[in-house]
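Visitor: Take a look at the following structure, please.
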Amino acid sequence: MRIYTKTIIFLALNLLIFTATPVFAAEIHLDAHKSEINSGEQFLMDIIIHSEESLNAVEGQLVFPADKLLVKWIRDGNSVINFWVEKPRIEASGIILFSGITPGGFIGANNTIFSVIFEAKNTGIAYVVLQNTKALRNDGLGTETVLSTRDTAVSIKLRD
């Protein structure tokens, strides 16, 4: 009986120690709507955030190959962001900066931060990535949350 009690206590402690606690996290990802396009063609890329907790601020950089992609337009009118600290803009060749807040916060899936209309310039693979991203919780303290990114690649081929 004594070994049985020790085994139950051991198993219970391991369950408490090694069971993962839920981590509230957010993800920013890129949605190009197409993975293959023709040279000279324009396409839309959305920058989307998903969060299981209320967030009220987000910032980062969208980095793209300027030799392969040309920014035709940046759209922020349908954004989950209400106030731009740094309205999405081209900072340097191949870099779009963005930083904004939403008083009261936002939560859930498929929240558009902004969109970019690109024109494909040259053939090859265009890797578009998010860098230096940060999101803050809507907790009154501006606590930084765990934020993952999901980048994308677009294959550009010669026009048929």
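No lab work stands behind these numbers, since they all come straight from the coordinates. On a predicted model such as this, the values are computed, not experimentally measured, just so you know. Don't worry about glycine lacking a Cβ; one is built from the backbone with ideal geometry, like all the others, and counts go over all protein chains shown.
Visitor: Between residue 141 and residue 78, what is 0.36 nm times their sequence separation minus the Cα-Cα distance? Round to one decimal in nm.
Guide: Extending this stretch completely gives an extra 20.0 nm.
Visitor: Run the simple label-point estimate for residue 148 and residue 129 please: 7 Å along Cα→C-beta, distance reported in nm.
Guide: Label at residue 148, label at residue 129, 1.8 nm between them.
Visitor: Using the structure shown, select from 34/87; 87/121; 34/157; 72/134 the pairs with a Cα to Cα distance greater than 20 angstrom.
Guide: Numbers: 34/87 26 Å; 87/121 25 Å; 34/157 13 Å; 72/134 26 Å.
Checking Cα-Cα distances, 34/87; 87/121; 72/134 exceed 20 Å.
Visitor: Given an 8 Å cut-off on Cα distances and at least 6 residues of separation, report the relative contact order of the stretch 38-160 as a percent.
Guide: Details: 306 pairs, mean separation 47.9, N = 123.
Once normalised by length, the contact order is 39 percent.
Visitor: In 5 Å bins starting at 0, how do the alpha-carbon pair distances of the stretch 39-160 split up by percent?
Guide: Here the calculated profile for the stretch 39-160 is 2, 11, 22, 22, 17, 11, 8, 4, 2, 1, 0.
Visitor: Sticking with this structure for a sec: Length gain on complete extension for the stretch residue 107 to residue 53, per 0.36 nm per residue less the alpha carbon to alpha carbon distance? Could the numbers behind the result be given before it?
Guide: Values: separation 54, 0.36 × 54 = 19.44 nm, distance 0.58 nm.
Taking 0.36 nm per residue and subtracting the Cα distance, the gain is 18.9 nm.
Visitor: Would you mind computing, in nm to one decimal, how far apart the modelled labels at residue 122 and residue 31 are, each placed 7 Å from Cα along Cα→Cβ?
Guide: For residue 122 paired with residue 31, the spin-label model returns 3.1 nm.
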